[in-house]
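*Asks:* Before we start, here is the structure in question, set down as structure tokens.
The values are calculated or read from the model by the stated rules, or taken from the named source; none is laboratory data. Values in this document were obtained by computation on a predicted structure and should not be read as measured data. Every residue, glycine as well, gets a Cβ built from its backbone with ideal geometry; the counts of neighbours run over all protein chains shown. Please note that ligands, DNA and RNA were not included when accessible areas were found on the heavy atoms of the full protein model with its side chains. Shrake-Rupley method; radii C 1.70, N 1.55, O 1.52, S 1.80 Å.
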Amino acid sequence: MERWFVNSPFRLAAQYLEIKWFKKTRTMKTGADVLEVGCGRGAGARLIIDNFKPARLYLLDLDVLMIEKARRYLSDVKAENMLFGVGNANSLPFEDDSLDAVFGFGFLHHVLDWRHGLHEITRVLKKGGAYYLLEFYPELYQNFITKRLLVHPEYDRFKSRDLHDAFADLKLTLIKTLESKYLGILGIAVKN
Ligand SMILES: C[S@@+](CC[C@H](N)C(=O)[O-])C[C@H]1O[C@@H](n2cnc3c(N)ncnc32)[C@H](O)[C@@H]1O
């Protein structure tokens, strides 16, 4: 069900609005090195390229089928600017302080040890680099109805307070958010 949704035109329309909000909220320097974690079929990547024109865009997903889809979906984009990889958010294949921005659209709530995933994102960001995120809370994806339709880890899921506390512990400052405590959060966090 979730796979159907993330591959649908509804998700694409929502992601278009999310990217526009990111763009108007924070300027990204030209020539940035950018990672998208949990890139899915690549729809977000195309929007990142069109709106932020990064020098390099790394696309990572745990699911090899998603990476294959993303390769096909982005086959018309200049390949030297993009690198695809199958990998886990809990062990990002990047040096410390090496990236200008990390995008994550709805992947962190899938990660079993999500605190470690967030720690990894912080580790690879340069000082002043930004994490652009869309995330969901269990009140949305594990309620009476959705828990029958969607597949998510059940143990230790973050609610709004948990996520805000984890950001504070990692010295990631949320500079702007659109949040519903019962749905999820769209936000930009900067590494101090
Ligand atoms: C809900 S989908 C979102 C896909 C896409 N970002 C979007 O917004 O349409 C979550 C994605 O995160 C990936 N994912 C889940 N756990 C992951 C992990 N530990 N590391 C990297 N990617 C992961 C899944 O394979 C899936 O493609």
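*Asks:* Could you go through the range 68-85 and let me know if any residue there is modelled with pLDDT of 95 or more, in a strand (DSSP E or B), more than 24 Å from residue 172 (Cα to Cα) and within 13 Å of the ligand (Cβ to nearest atom).
*Replies:* Yes; the residues of the range 68-85 include at least one that is modelled with pLDDT of 95 or more, in a strand (DSSP E or B), more than 24 Å from residue 172 (Cα to Cα) and within 13 Å of the ligand (Cβ to nearest atom).
*Asks:* Taking the range 11-25 as the region of interest, how many residues are charged (D, E, K, R) and either surrounded by 15 or more Cβ atoms within 10 Å (Cβ to Cβ) or within 14 Å of the ligand (Cβ to nearest atom) (or both)?
*Replies:* First pass over the range 11-25, keeping only residues charged (D, E, K, R): 11, 18, 20, 23-24.
Filter again for either surrounded by 15 or more Cβ atoms within 10 Å (Cβ to Cβ) or within 14 Å of the ligand (Cβ to nearest atom) (or both), leaving 11, 18, 23.
Total satisfying the criteria: 3.
*Asks:* Of all residues in the range 94-125, how many are farther than 19 Å from residue 174 by Cβ and in contact with a strand residue (DSSP E or B) (Cβ under 6 Å, 6 or more places away or on another chain)?
*Replies:* Number of matching residues: 1.
*Asks:* What is the one condition in (1) modelled with pLDDT of 95 or more; (2) within 16 Å of residue 19 (Cα to Cα) that residue 126 does not satisfy?
*Replies:* Of the numbered conditions (1) modelled with pLDDT of 95 or more; (2) within 16 Å of residue 19 (Cα to Cα), the odd one out for residue 126 is (2).
*Asks:* Picking from 106, 129, which residue would you name as being within 12 Å of the ligand (Cβ to nearest atom) and open to solvent by less than 20 Å² (accessible area, probe 1.4 Å)?
*Replies:* After ruling out the rest, the residue left standing is 106.
*Asks:* Answer yes if at least one residue in the range 157-172 is more than 19 Å from the chain's Cα centre (by Cα) and either buried (at least 16 other Cβ atoms within 10 Å of the Cβ) or assigned to a loop (DSSP other than H, G, I, E, B) (or both), and no otherwise.
*Replies:* no
*Asks:* Starting from the range 5-26, take each residue that is assigned to a helix (DSSP H, G or I) and list its partners that are open to solvent by 80 Å² or more (accessible area, probe 1.4 Å) and within 13 Å of the ligand (Cβ to nearest atom), counting only C-beta distances under 6 angstrom and pairs at least six apart or across chains.
*Replies:* So the pair list comes out as 11/5.
*Asks:* Right, something else. So, of the residues in the range 135-156 that are in contact with a Leu (Cβ under 6 Å, 6 or more places away or on another chain) and part of a helix (DSSP H, G or I), which turns out to be surrounded by the most Cβ atoms within 10 Å (Cβ to Cβ)? I'd like the intermediate steps shown before the answer.
*Replies:* Filtering the range 135-156 for residues in contact with a Leu (Cβ under 6 Å, 6 or more places away or on another chain) gives 135, 140-141, 153.
From the residues that got through so far, the ones that are part of a helix (DSSP H, G or I) too are 140-141.
On the way: 140: 14, 141: 20.
This residue is 141.
*Asks:* State which residue pairs qualify: first residue without any contact (Cβ under 8 Å) to a residue 24 or more places away in the chain and inside the range 166-182, second residue of a type outside the set (A, V, I, L, M, F, W, C) and open to solvent by 50 Å² or more (accessible area, probe 1.4 Å) in any location, beta carbons under 7 Å apart, and separation of 6 or more residues or different chains.
*Replies:* So the pair list comes out as 173/192.
*Asks:* Across the range 38-58, what is the total count of residues that are outside any loop (DSSP other than H, G, I, E, B) and closer than 15 Å to residue 98 by Cα?
*Replies:* Within the range 38-58, residues that are outside any loop (DSSP other than H, G, I, E, B) and closer than 15 Å to residue 98 by Cα number 3.
*Asks:* Restricting attention to the range 49-58, does a residue exist that is in contact with a helix residue (DSSP H, G or I) (Cβ under 7 Å, 6 or more places away or on another chain) and of a type in the set (D, E, K, R)?
*Replies:* Yes.
*Asks:* While we're looking at this one, here's another question. Kindly provide the set of residues from the range 173-182 that are open to solvent by 90 Å² or more (accessible area, probe 1.4 Å) and either among the small types (Gly, Ala, Ser) or assigned to a loop (DSSP other than H, G, I, E, B) (or both), ordered by number.
*Replies:* Here is the first cut: in the range 173-182, the ones open to solvent by 90 Å² or more (accessible area, probe 1.4 Å) are 176, 178, 181-182.
Within the range 173-182, 181, 182 meet the criteria.
*Asks:* Is there a residue in the range 117-131 that is in a loop (DSSP other than H, G, I, E, B) and out of contact with any Asp or Glu (no Cβ under 7 Å at 6 or more places or on another chain)?
*Replies:* Of the range 117-131, the ones in a loop (DSSP other than H, G, I, E, B) are none.
Among the residues of the range 117-131, not one is in a loop (DSSP other than H, G, I, E, B) and out of contact with any Asp or Glu (no Cβ under 7 Å at 6 or more places or on another chain), which makes the answer no.
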